[in-house]
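Step one of this worksheet: look at the structure below.
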Amino acid sequence: MKYILHINLIAIFITVASAYAQPFKLTMAYEDTALPPFYLGEGKEVPAKPGIAIELLKQVDEHIHEITINFRRIPWDRCQKELKEGLVDAIFPGSFNVSRMKIGVYPFNNSEPDGVRCLVFLSYYFYVIEGDPSTLDGYQGGLKGTIGIPTGYSIIRDLKRDGFEVDDTAQTTLQNLIKLKAGNVRAVAAQDVTADPIIKSNPALKDIVKIFPAINTKPNYLIFSRQFYTEHPGLAKRIWSELKSVREENFEALSLKYM
């Protein structure tokens, strides 16, 4: 009887130990259109050369042995919807948005978003047809007319706050640039890492130019779902801290890789 009990205890111990030995699986979602150099490729697949943001997160995965990251690519508005519903554990890269705090959790320091623990920095610019008088005015010059911006982007709120008329019905920057060429919007607000390569690779868009200075430059974060953060606050903080370390150590080398 003691022998059987001993065997059963060993079996239970092995089962429990095996369970703890299995890495915690995290699902992180990001947009299914390219944002070079931060993530590359179109559609659901993660390419072999995935982009700076993906490589940074893969390094976090390697350094924290208790986790394994699964990447999921879907439209950005759906990323936010699935984060709210807890269908994914985190989304990226997202700038700080007070309304977005209802569905996700950012790293904070002294009641402020902690830009030191962000994933990447992104800049937005206006794009207009060359020769448009607005090219001389920039963001502070009172650009008139409708601004095209992809659905779900945080800068929509900023532009509306500053009195701009916004059309956010298109899903992608390319669709908005096509609308600009067709005269359906006066300008496009876009991240330059996305818009510049599109314009450069499409001769039909060659007369679209970028207005300086930037509308803004913001830290963009890995945002955890409220469900995940409630259950694993320590792990979330550890991932943010490790992300800071790998970004500071490797960002320059990765930038050269993706030039």
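Considering only the stretch 228-259, state which residues are more than 15 Å from Leu119 (Cα to Cα), assigned to a helix (DSSP H, G or I), of a type in the set (Ser, Thr, Tyr) and in contact (Cβ under 8 Å) with a residue 12 or more places away in the chain. Before the answer, list the steps.
So the first thing to find is which residues in the stretch 228-259 are more than 15 Å from Leu119 (Cα to Cα), and the list is 228-235, 253, 256-259.
Pick out the ones that are also assigned to a helix (DSSP H, G or I) and you get 228-231, 233-235, 253, 256-257.
From the residues that got through so far, the ones that are of a type in the set (Ser, Thr, Tyr) too are 229-230.
Answer for the stretch 228-259, where residues must be more than 15 Å from Leu119 (Cα to Cα), assigned to a helix (DSSP H, G or I), of a type in the set (Ser, Thr, Tyr) and in contact (Cβ under 8 Å) with a residue 12 or more places away in the chain: just Tyr229.
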Residue in the stretch 125-138 that is hydroxyl-bearing (Ser, Thr, Tyr) and closer than 28 Å to Glu242 by Cβ present:
no
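In the stretch 121-131, is there at least one residue being in contact with a Phe, Trp or Tyr (Cβ under 7 Å, 6 or more places away or on another chain) and surrounded by 19 or more Cβ atoms within 10 Å (Cβ to Cβ)? Working first, answer last.
Start the filter on the stretch 121-131 by keeping residues that are in contact with a Phe, Trp or Tyr (Cβ under 7 Å, 6 or more places away or on another chain), which leaves 126.
Keeping just the survivors that are surrounded by 19 or more Cβ atoms within 10 Å (Cβ to Cβ) gives 126.
Checking the stretch 121-131: at least one residue is in contact with a Phe, Trp or Tyr (Cβ under 7 Å, 6 or more places away or on another chain) and surrounded by 19 or more Cβ atoms within 10 Å (Cβ to Cβ).
Would it be correct to say that Lys44 is at pLDDT 90 or above, farther than 26 Å from Ser241 by Cβ and surrounded by fewer than 18 Cβ atoms within 10 Å (Cβ to Cβ)? Quick ask: steps written out before the conclusion?
Values: at pLDDT 90 or above: yes; farther than 26 Å from Ser241 by Cβ: yes; surrounded by fewer than 18 Cβ atoms within 10 Å (Cβ to Cβ): yes.
In short, yes.
So, Thr217, is that one part of a helix (DSSP H, G or I) and in contact with a Ser or Thr (Cβ under 7 Å, 6 or more places away or on another chain) or not? Before the answer, list the steps.
Details: part of a helix (DSSP H, G or I): no; in contact with a Ser or Thr (Cβ under 7 Å, 6 or more places away or on another chain): yes.
Answer is no for this residue.
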Condition set among the aliphatic types (A, V, I, L, M) and over 17 Å from Ser123 (Cα atoms), scope the stretch 198-221, selection surrounded by the fewest Cβ atoms within 10 Å (Cβ to Cβ): answer is Ala204
Subset of the stretch 178-197, residues part of a helix (DSSP H, G or I), at pLDDT 90 or above and open to solvent by 30 Å² or more (accessible area, probe 1.4 Å), comes to Ile178, Lys179, Lys181
For the stretch 89-118, the count of residues that are farther than 10 Å from Arg226 by Cα, of a type in the set (Gly, Ala, Ser) and surrounded by 14 or more Cβ atoms within 10 Å (Cβ to Cβ) equals 3
Per the list (1) open to solvent by 50 Å² or more (accessible area, probe 1.4 Å); (2) modelled with pLDDT of 95 or more, residue check on Leu57 breaks on (1)
Residue hits (the stretch 168-177; surrounded by fewer than 18 Cβ atoms within 10 Å (Cβ to Cβ) and not in a loop (DSSP other than H, G, I, E, B)) are Gln175
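The values are calculated or read from the model by the stated rules, or taken from the named source; none is laboratory data. Keep in mind it's a predicted model, so treat the numbers as computed, not measured. Please note: Cβ atoms are built from the backbone with ideal geometry, for glycine as well, and neighbour counts cover all protein chains shown. Areas reflect the complete protein model, heavy atoms only, side chains present, ligands, DNA and RNA absent. Shrake-Rupley method; radii C 1.70, N 1.55, O 1.52, S 1.80 Å.
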